[in-house]
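Okay, so here's the structure we're looking at.
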Amino acid sequence: MKKIKIEPKLSGLSFVEAKVPTPYGVISVQHTLLKNGEVHTDVGKPKEIVIE
């Protein structure tokens, strides 16, 4: 298993989305800035990858 760390850095944006190809499949990440200032994160990943 491979491990990755995801840290939201919106840099003033209200929404950020990225897709990164890996040898195991695509990792997709969406960060959304909520009205209360918190960041909501959705992650799609292959089963061989662990999110820290």
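Quick notes on this one:
- Within region 18-31, the set of residues being in a strand (DSSP E or B) and either among the basic types (Lys, Arg) or more than 10 Å from the chain's Cα centre (by Cα) (or both) comprises Lys19, Pro21, Thr22, Gly25, Val26.
- Search result, residues across region 39-52 that are surrounded by 10 or more Cβ atoms within 10 Å (Cβ to Cβ), in a loop (DSSP other than H, G, I, E, B) and of a type in the set (D, E, K, R): Lys45, Glu48
- Meets criteria (over 25 Å from Lys2 (Cα atoms), free of Cβ contacts under 8 Å to residues at least 60 places away in the same chain and hydroxyl-bearing (Ser, Thr, Tyr)) for Thr32: yes
Every number in this text was worked out from the coordinates using simple rules, so none of it is lab data. Keep in mind that this is a model prediction, so the values were computed, not measured. As a convention, Cβ positions derive from the backbone with ideal geometry for all residues, glycine included, and neighbour counts pool all protein chains shown.
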